[in-house]
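Okay, structure first, notes after.
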Amino acid sequence: MNDRINTIVARLGQQPGPLLLVLHAIQDELGFIPSDAIPLVAQGLNLSRAEVHGVVSFYHYFRHSPPGRHTVRICRAESCQAMNGTALEQQAQRHLGIGFNETTSDGAVSLEPVYCLGACACSPAVMINDELHGRVTPARLDELLAQCRERT
Amino acid sequence: MSTVVYVPRDAAALALGAEQVAQAIAAQAQKSGLDVTIRRNGSRGLYWLEPLVEVETPQGRVAYGPVSVKDVAGLFTAGFLSGKAHALCLGATAQHPYLIRQNRLTFARVGVIDPVSISDYLAHGGFQGLQRALGMEPAQIVQCVTDSGLRGRGGAAFPTGIKWRTVLDTAATQKYITCNADEGDSGTYADRMLMEGDPYLLIEGMTIAALAVGATQGYIYLRAEYPHAHKILNEAIALAYQQHYLGAQLLGSAHRFDLEVRLGAGAYICGEETSMLESLEGRRGEVRVRPPLPAVKGLFGKPTVVNNVISLATVPTILQHGAAHYRDYGIGRSRGTLPIQLAGNLKRPGLVELAFGVSLRELLYDYGGGSASGRPLRAVQIGGPLGAYLPAQQFDTLIDYEALSAVGALLGHGGIVAFDDTVDMAHMARYAMEFCAVESCGKCTPCRIGSTRGVEVIDRLLRGVDGEAQLRQLESLCDTMAEGSLCGLGGMTPFPVRSAVKYFREDFLKPRPGIQGSQHARA
């Protein structure tokens, strides 16, 4: 893993303001930002560990632990609330038996809140991995969640 | 001859099954031995009709929607490839009542062309603004934008030309053009639609900005929640480099402009311009104290233009047709057109680009068709999570920066979220405080602590603990946040909260049997 991180740092380190680029590349490759990566990135970019940790922890998108095989993001923003999105939040938590920012014990699904997916003209919206779903009904959400648990 | 069928690749159309529909059309055509070319366009913005499929006929494009996979076989049987009648047929797309009364200047090509085809872009008047700008002095370009009356469409409504003038007048070895594509406001999606439907327009606008102020490097700061836009922008930028619309010797001139997309990482605050610059530099997205303005000391300490996607995408049209053409639309000090985004509980949500001066009522009922639920509309929130809530008695307010300001609201990025009469405005006010607490960068106390205290005060209200005293406390808290915060996040969270209290006071004081405080979604 250290080699992979060092390779990413070497590849992107010369870009102006490279830290977010590097962190995105690490998360794309490993699925999260392991705590072991922080000193490596700090050393490679000539930053303090505190600076790198500060950035990783500031941004909601960066994960500190491995995600489930699927990431389900439920929009909590106003437009989705106006179309019963709040019910979907509760339904997803019930269906999966976990709260927001948790992963099911079989490692299948991570559940995250998201604040607007830009699909406000087809609220309520849900994003599963990189796939967006609009006008999600409770029945459709159950179907999508069930698919997540089946697919490996 | 091959029949051309358009199926959008816009993220929201895909969210409603456009990809599956495109595949079903291709499969059915093959099965029937018909020669069909499927082209992928952006969205026309008629989202209640997405996936909206269009067929090119000798009489023009004919629309069908909303099309699902199970409709495809029937469409073929009905002869949709020659524009024949079908239950889903909407007639000529350009004549659709939702579109025909719009003033689509900035969105003229969105949904019409293949977004990544440079030849499509050129055939529809693309790069003419840039051609014109290449023959002008920087100060002339800035003057043209100033004369158009264009004000920042991100929400701050600052005159774009004046911002550019400052960057032009500040001497430096390096200047930057940055595009704020961190479209985080709920109810807004115009930036996304434009980037996914007409990315060269943004590239052209940024290039013109670069010529105007003497910059050679640009960054598009795109939110991570927009993977589809990311892909399309990168495709378009690569093709633009190949054909010398980016890079050295721009269109054979001596100018150079390089452009790169940088991804955000899920922080709403990075839509604030100085926080965005911090993030682009690879740091925590904490707000900078101004002055110095970014136009003087911005990205990496250099003079920097920070403009929203729509502001930049409006520039090519202004250069192409002249400042007066754009300025002639609109009313008062709100010149030109605004891409308004209708969202939430509406029958016909979608993108409506109109000259300033249209009333909320027209938008909500004539365009939006009233509520999707069939119940009366009770409130709208304009301008995202930091925008005010307005009740039905304010629906005659006009879309105009000053008119909205006069009723204590703001236009923001032009998103309108409608709520029916089931909405609980105390919950919406609580959500506004909760959102601020989740998204606060933490730098200043009124925002960081004030928002958390705000949630607590509203929770006490919801539990029915001494309502009037809690409302006084809430007002005092709002005052501290509005006056004491460093930036708009803490400074403007009082807009939704105070407007909810002002117009919907009964929701804060009504008895609520069995209520429990709900938990925060993010610690």
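We did not get these values from a lab; they are worked out from the coordinates using the rules stated. Keep in mind that this is a model prediction, so the values were computed, not measured. Because the Cβ atoms are built from the backbone with ideal geometry, glycine has one as well, and the counts that use them run over all protein chains shown.
Axis of helix A:49-58 versus longest Cα principal axis of chain A: the two differ by about 10°, to the nearest ten degrees. Legend: Rg and Dmax of chain B, from Cα coordinates, 23.7, 75 Å.
Once the dipole of chain B is set up with Lys and Arg at +1 and Asp and Glu at -1 on Cβ about the Cα centre, which of B:Gly484, B:Ala133, B:Val380 lies farthest towards its positive end? About the Cα centre, the residue reaching furthest to the positive side is B:Gly484. In terms of its Cα atoms, region B:118-327 spans 40, 36, 32 Å along the principal axes, sorted from long to short.
Partner shielding of B:218-227 amounts to 3, given as the average count of beta-carbon atoms from other chains within 10 Å of each residue beta-carbon. Shielding by partners for peptide A:7-17, expressed as the average number of C-beta atoms from other protein chains within 10 Å of each residue's C-beta, is 2. Cβ crowding within 10 Å ranks B:Thr207, B:Thr173, B:Thr445 as B:Thr173, B:Thr445, B:Thr207, fewest other Cβ atoms first.
Each of B:Ile25, B:Ile203 was scored by other Cβ atoms within 10 Å of its Cβ. Listed from fewest to most, they are B:Ile25, B:Ile203. Across all directions, the shadow cast by the convex hull of chain A built on its C-alpha atoms averages 9.7 square nanometres. Radius of gyration over Kirkwood radius for region B:2-75, both on Cα atoms: the Rg/Rh ratio is 0.94. Within region B:167-290, antiparallel bridges make up roughly 10 percent of the DSSP beta bridges whose residues both belong there. Screening chain B for DSSP H helices whose Cα atoms reach 24 Å or more along their own axis and whose mean Kyte hydropathy is at least -0.5 gives B:445-462, B:467-484. Out of every Cα-Cα pair in region A:113-152, what percent are more than 11 Å apart? The share of Cα pairs beyond 11 Å in region A:113-152 comes to 65 percent. Taking the DSSP beta bridges with both ends in the protein assembly as shown, the antiparallel portion is around 55 percent.
When B:Val465, B:Val213 are arranged by Cβ crowding within 10 Å, least crowded first, meaning fewest neighbours, the order is B:Val465, B:Val213. Computed packing ranks the peptides B:55-64, A:117-126 as A:117-126, B:55-64, most packed first, by mean other Cβ atoms within 10 Å. What is the local net charge at B:Gly149, summed over the other residues whose Cβ is closer than 15 Å to its Cβ (Lys, Arg +1; Asp, Glu -1)? Cβ neighbours under 15 Å give a net charge of +3. The Kirkwood radius of region B:425-509, taken over pairs of alpha-carbon atoms, gives through the Stokes-Einstein law at 10 °C and 1.306 mPa s a diffusion coefficient of 130 µm² s⁻¹. Take B:177-190, B:390-403, B:248-261 and order them by the average number of nearby Cβ atoms within 10 Å per residue, most first; the result is B:177-190, B:390-403, B:248-261. Any idea what diffusion coefficient region B:368-413 gets from Stokes-Einstein, in µm²/s, Kirkwood Rh on alpha carbon pairs, 37 °C, 0.692 mPa s? This corresponds to a translational diffusion coefficient of 291 µm²/s.
Taking every DSSP beta bridge that has both ends in chain B, the antiparallel portion is near 55%. The calculated FRET efficiency for B:Asp466 paired with A:Leu30, based on their beta-carbon distance and R0 = 56 Å, is about 0.60.
With axes computed from alpha carbons, what is the tilt in degrees of helix A:2-12 against the longest principal axis of chain A, rounded to the nearest 10 within 0 to 90? Computed tilt is about 90 degrees.
Axis of helix A:19-30 versus longest Cα principal axis of chain A: the two differ by about 60°, to the nearest ten degrees. Normalised by 2.2 N^0.38 Å, with N the number of residues, the alpha-carbon radius of gyration of the protein assembly as shown equals 0.93.
Annotation: cysteines of chain A without a disulfide-compatible partner (Cβ-Cβ under 4.7 angstrom) are A:Cys116, A:Cys120, A:Cys122, A:Cys148. Over region B:54-105, what relative contact order in percent results from Cα pairs under 8 Å that are six or more residues apart? Taking the mean separation of contacting Cα pairs over the length of region B:54-105, I get 40 percent.
The alpha-carbon of B:Lys70 sits under 20 angstrom from the alpha-carbons of these lysines, leaving out residues fewer than 8 places away in its chain: B:Lys31, B:Lys84. Counting only residues at least eight positions apart within a chain, or on another chain, the lysines with an alpha carbon under 29 Å from that of B:Lys163 are B:Lys175, B:Lys297, B:Lys302, B:Lys443. Rounded if a/c is under 1.5, else prolate if a/b beats b/c, else oblate: with a ≥ b ≥ c from the C-alpha gyration tensor eigenvalues square-rooted, which is region B:398-471? Oblate, because a/c is 1.5 or more while a/b does not exceed b/c.
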